[in-house]
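Presented below is the structure to which this report refers.
The values are calculated or read from the model by the stated rules, or taken from the named source; none is laboratory data. This structure is a prediction, so every number in the text was calculated from the model and none was measured. With ideal geometry, Cβ positions are generated from the backbone for all residues, glycine too; neighbour counts draw on all protein chains shown.
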Amino acid sequence: MIAECHVNCLVETDAQAYANAEFIAAFNPNVALALLDERERNQQYIKRRDQENEDIALTVGKLRVELEAAKSKLNEQR
């Protein structure tokens, strides 16, 4: 079987072929589901961070407007 792999794929050594076989053997439906769950958690985390970043950007924008208004008011008082 290993010899067939050398002909049909880019694996160059038996060690590589065995390592690939071990990796493939370790992958099963439970591993797939765990990876999908992790991916979903990561996507939700990214979504929360994106929302927080948007909220921060809005706050910074409002603060800049307030700062400019305060500067303008100070300049008018002089």
For this session: Kindly indicate whether E40 is more than 20 Å from the chain's Cα centre (by Cα), among the charged types (D, E, K, R) and at pLDDT 95 or above.
Result: no
Exercise. Under 7 Å by Cβ, and 6 or more places apart or on different chains, what pairs join a residue from the range 52-78 that is in a helix (DSSP H, G or I) with one that is aliphatic (A, V, I, L, M)?
Worked result: none
